[in-house]
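A short write-up of the structure that comes next.
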Amino acid sequence: MIGRAYRFHGYGSLRYVYKSGQTVRGPHMSLRYSVNKKRQNYRLAVVVSKKVNKSAVARNRIRRRIYEAFRTMEWADKPCDLVITVFQATVEEMPVVELQKEVSSLVQQAKLD
């Protein structure tokens, strides 16, 4: 799990990323990002809607798995805001190595590493 300093706080900060951020898309999830020069490190949010899975337990499991994959990933800690949106329920049972590959490929596509 990533630390509190690396998470979003409040809806207003997410609104800016949705409004002015750029998007890269993978087969199971997408990454919306925006460079934020006002911060010293990144912020990350993972969005899993009820359309993906009705169970809150399953949605939280997906969210925790992506946070952990991102935490263990090797990348340069740049000041940017990141929002990962999951749109496939198969992420819940995807192997860890495959999940880490997909998250790292999204970051590479965004040219953030």
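See the values below:
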{"quantity": "Filtered residues of region 9-53 (kept if touching a residue at least 60 places away in the same chain (Cβ under 8 Å) and over 21 Å from Ser104 (Cβ atoms))", "calculated": "Ser13, Leu14, Tyr16, Tyr18"}
{"quantity": "Qualifying positions in region 43-79 - closer than 22 Å to Gln22 by Cα, assigned to a helix (DSSP H, G or I) and of a type in the set (Gly, Ala, Ser)", "calculated": "Ala69"}
{"quantity": "Candidates Leu82, Leu31, filtered to the one that is modelled with pLDDT of 95 or more, in a strand (DSSP E or B), crowded, with 19+ Cβ neighbours inside 10 Å and aliphatic (A, V, I, L, M)", "calculated": "Leu31"}
{"quantity": "Filter result (surrounded by fewer than 16 Cβ atoms within 10 Å (Cβ to Cβ), closer than 20 Å to Tyr6 by Cβ and of a type outside the set (D, E, K, R)) within region 97-113", "calculated": "Gln108"}
{"quantity": "Single residue of region 1-28 satisfying the filter (in a helix (DSSP H, G or I) and charged (D, E, K, R)) that is nearest to Asn60 (Cα to Cα)", "calculated": "Arg4"}
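The values are calculated or read from the model by the stated rules, or taken from the named source; none is laboratory data. The structure presented is a predicted model; accordingly, all values stated were derived computationally and were not measured. Counting neighbours? That spans all protein chains shown, and the Cβs are built from the backbone with ideal geometry, glycine included.
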